[in-house]
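The values are calculated or read from the model by the stated rules, or taken from the named source; none is laboratory data. If you're wondering where the values come from, they're calculated on a predicted model, not measured in any experiment. Ideal geometry is used to build each Cβ from the backbone, glycine not excepted, and the neighbour counts take in all protein chains shown. We work out accessible area using only protein heavy atoms, side chains counted, and drop any ligands, DNA or RNA first. Shrake-Rupley method; radii C 1.70, N 1.55, O 1.52, S 1.80 Å.
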Amino acid sequence: MDVSGGRGQPRPGNDESAEHTGPEAPAPGGTGDAPTAPSAPTPADAKDARPEGPTPDAGAPAPESGTPQDTGAAPDHGAPDHDAPAHGRDRVPEHPEPPADRPARAPAGRPEHPDHPFAHSGSGKGQAPQRPEERRRGGLLMGRPFGVPVYVAPSWFLVAILITWVFGGQIDRVLPELGAASYLVSLFFAVAFYASVLVHELAHTLAALRFKLPVRRIQLQFFGGVSEIEKEAETPGREFVLAFVGPLLSLVLAGLFYLGLLAVDPSSVPGVLLAGLMVSNLIVAAFNLLPGLPLDGGRMLRAVVWAITGKPMTGTVAAAWVGRALAVCVLIGLPLLTQSGALGSDAVDNVGMDTVLDALLAAILAAIIWTGAGNSLRMARLREHLPELRARTLTRRAVPVESDTPLSEALRRANAAGARALVVVDADGVPVSLVREAAIVGVPEHRRPWVPAGTLAQDITDGMRVSAELAGEELLDALRATPATEYLVVEETGEIYGVLSAADVERAFVKAMARPS
């Protein structure tokens, strides 16, 4: 028996499917560091071997080979199709396999779905949700420390200009003899400040790599940076350490800059720079220690609640709602504190440009925190439902056909068996390719008796064979490693179970995102 598939009839799989919706998976958000939600695979844009002839009817679903739509970094999901049937329990065929030249019959207790013929059973869309950053790298690549790419987002340049302008004016008042050179010093400060933010993020990255958690990238962006950690820490203790090392490194940097400040004249250029870097790192550490997601302090709070309750979802909910309350406090409290002079500036009685800028800054920070808290809740809900994505329950029934079998005959066999997938086998019954649903839809019905099924098939590569036991993130990782529209699902013994469509995984993925906890 061939270990890659074996001989004979593919086992019937699950023929249930839902309507295609197409929203994307969430992208990580916020100024802190949060594990990213796993994304479903993106199938390859394989070519169809389509015969010449009239195009299909306008009402028939057309194959789609383009890339999914990009909605941007903010996770703005479309409404899922709640009328679509959910994929449920595992199903193990109980009947022996029929000969290779006969289509498999549906297992006992399972409907054959005669009203849903194979050719019109799906949209033919093979695009699964994809994180926007997987296609848009997120800015300028600066390097790969420890093998992790570091990107500078375009928004950083705007912030650098703002810092240069604001801090340059302050330096000009302290050191008026510098003149225009004060803005060059301020630009150096902006770069040095974000270098310290990078050190903060590298601390998270090293801790994640120490715990064998993959890190997709580090991005320096508006108001800070993000370490995109792909998986969640296994224990609350590791989660706490992973969150705490960032603020700890910022505090260490502040201490080092303070020691350097003791060795120079505070009124000199080095003294002003060191003082500014010391204060900025103290602010970064204090801000990130605030107990609300998506900040590091929120992840620490989540770890504590997780350790007490034993439920990571409970910790996420608690820390996320504290984060939302924190966002409201920032929105209201920061302008009031600035106007009252509590932050070290003079009290302001009237409304001026500084007051407007303070209010704008508070609104931006509050929006970032509120959005990040919502993203954390959404990601936690997804991870909670990810185990429901099982290859065994999402697999379609399949029938084997020879390469020269007319498409109309192959579809007749599939419909008779209640199957929705075709596997092309050789003379010995070994599977060699999978007939693409999108290619079938593109063939007009009157042409199907003269079109061999093998001309619409895609060769089966090693990555297109997946285990029926895969579930959750392991299933998504396996499909993402080899993008395709269909996959051959096999048992641990090598026996064929059926065909898995990337579109079915997408629909289940979107439903998991939309389902409440």
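Structure notes:
- Here the condition is being within 30 Å of residue 457 (Cα to Cα) and either among the charged types (D, E, K, R) or at pLDDT 85 or above (or both); of 365, 389, 301, it holds for 389 alone.
- Qualifying helices (runs of 4 or more DSSP H) (wholly inside region 129-232; at least 3 residues being within 17 Å of the chain's Cα centre (by Cα)): 132-135
- Of the candidates 192, 254, the single residue that is aliphatic (A, V, I, L, M), touching a Leu at 6+ places or on another chain (Cβ under 8 Å) and modelled with pLDDT of 95 or more is 254.
- Single match in 305, 284 (criterion: on the phi < 0 side of the Ramachandran plot, among the aliphatic types (A, V, I, L, M) and either touching an Asp or Glu at 6+ places or on another chain (Cβ under 8 Å) or in contact (Cβ under 8 Å) with a residue 40 or more places away in the chain (or both)): 284
- Flag for residue 354 being at pLDDT below 80, open to solvent by 50 Å² or more (accessible area, probe 1.4 Å) and more than 30 Å from residue 511 (Cα to Cα): yes
- The condition of being in contact with a Gly (Cβ under 7 Å, 6 or more places away or on another chain), under 30 Å from residue 223 (Cβ atoms) and of a type in the set (A, V, I, L, M, F, W, C) holds for residue 368.
- Residues in region 424-456 that are among the small types (Gly, Ala, Ser) and open to solvent by 30 Å² or more (accessible area, probe 1.4 Å): 427 only.
- Spans of helices (runs of 4 or more DSSP H) in region 420-517 with at least 3 residues more than 23 Å from the chain's Cα centre (by Cα): 437-441
- Any hit, region 294-304, residues being in a helix (DSSP H, G or I), β-branched (Val, Ile, Thr) and over 26 Å from the mean Cα position of the chain (by Cα): no
- In region 294-303, residue nearest to residue 227 (Cα to Cα) [restricted to those that are open to solvent by less than 10 Å² (accessible area, probe 1.4 Å) and of a type in the set (A, V, I, L, M, F, W, C)]: 295
- For region 438-485, filtering for residues that are modelled with pLDDT under 90 and under 19 Å from residue 425 (Cβ atoms) leaves 1.
- The single condition from (1) surrounded by fewer than 21 Cβ atoms within 10 Å (Cβ to Cβ); (2) in contact (Cβ under 8 Å) with a residue 60 or more places away in the chain that residue 459 fails is (2).
- Screening the candidates 359, 398 for the property of being farther than 26 Å from residue 230 by Cβ and either touching a Ser or Thr at 6+ places or on another chain (Cβ under 7 Å) or modelled with pLDDT under 90 (or both) yields one hit, 359.
- Residue under evaluation residue 185, criteria (1) open to solvent by less than 40 Å² (accessible area, probe 1.4 Å); (2) more than 22 Å from residue 255 (Cα to Cα), criterion not met: (2)
- Against the conditions (1) under 30 Å from residue 315 (Cβ atoms); (2) in a loop (DSSP other than H, G, I, E, B); (3) among the aliphatic types (A, V, I, L, M), residue 380 satisfies every one except (2).
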